[in-house]
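J.: The structure follows.
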Amino acid sequence: MTYRITREGIYELYRMADKGRVLVLDDEHFSLERGYFTISEGSQGELVGRRTSDLSQANLVRRGSYRIVEFEEESEFQDIPYLFLEHRNRYDEIYLSEGLPKQVGERRRYIYTDHTIAAGELDAYLESSPPGMDEEEEFAEPPVEDYFDLTAGDLAEKIRQMRPAELRRLEEFEKRHKNRNTVLNTIRNELH
């Protein structure tokens, strides 16, 4: 029973003049094309990768934090990637059974479920260690390739390209292994 946060950050959801919707995850833009609606699952459709959209004429519907989480053998969640979109202290659940589109024009199916989870409940669940994984297992593998061969300066360059979840894992790994103040300060600066 484990999970892995593969991406997190800030999202924006826009309604375009043609009634279409654009989801922006950090700087990546995706069209949300609705397919059909079923009562038991919610709206189903396709996410389509697109170039940066002209959002000057679009209406911002909402903004918040997001997380993409992959679960394995969790009783609370299915074994598929979830996109959680924070809205009014709750997270909407979107199933990304095929993941996000990786290039412009690529289509991937999604299900925008009718389920939500309280923000505090999801945060508490994800901040705890994954079930079945003890601390030794969690910190056995370096979170950065060639970690033990990198100088603090080399590592600082990689840190600037990392996502918050990766930074937190590296911070814990650094504390347990080399505990370099310059590396820890660089991580903290990126997180804040």
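J.: When the dipole is taken about the Cα centre of the chain, and only Lys, Arg (+1) and Asp, Glu (-1) are charged at their Cβ, what size is it in debye, to the nearest 20?
T.: Values: 27 positive and 41 negative charges, 235 e Å.
Charge dipole, the chain, about its Cα centre: 1140 debye, nearest 20.
J.: Compare the Cα positions of ASN89, ALA58, LEU13 along the charge dipole of the range 2-127 (+1 at Cβ of Lys, Arg; -1 at Cβ of Asp, Glu; about the Cα centre) and return the one farthest towards the positive end.
T.: Ranked along the dipole, the leading option is ALA58.
J.: While we're on this one: Can you give the calculated 222 nm mean residue ellipticity of the chain, where each DSSP H run of n ≥ 4 adds -39,500 (n - 2.57) and the sum is split over every residue, rounded to the nearest 500 deg cm²/dmol?
T.: Numbers: 5 runs with 46 residues, N = 192.
Mean residue ellipticity at 222 nm (helix-derived): -7000 deg cm²/dmol.
J.: Another question, if that's okay. Could you name the lysines whose alpha carbon sits less than 24 Å from that of LYS175, not counting residues in the same chain fewer than 8 places away?
T.: LYS158
J.: Further question: Per-residue counts of other Cβ atoms within 10 Å, averaged by peptide: what ranking do you get for 5-14, 73-82, highest first?
T.: Per-residue Cβ counts within 10 Å, averaged per peptide and sorted highest first, yield 5-14, 73-82.
J.: From the P(r) of the range 135-191, can you give the percent of Cα pairs sitting at distances over 12 Å? Each step should come with its number before you reach the end.
T.: Details: 986 of 1596 pairs.
Of all Cα-Cα distances in the range 135-191, 62 percent exceed 12 Å.
J.: What ranking of PHE84, PHE30 emerges when the number of other C-beta atoms within 10 Å of each C-beta is taken as an exposure proxy, fewest first?
T.: Numbers: PHE84 25, PHE30 22.
Ranked by crowding around the Cβ, least crowded first: PHE30, PHE84.
J.: How many angstrom separate the Cα center of the range 41-78 from the Cα center of the range 2-18?
T.: After rounding, the separation between the Cα centres reads 4 Å.
Rule-based calculations on the coordinates, nothing more; no lab input. Keep in mind that what you see is a predicted model, and the values were worked out from it rather than measured. Glycine also receives a Cβ, built like all others from the backbone with ideal geometry; neighbour counts cover every protein chain displayed.
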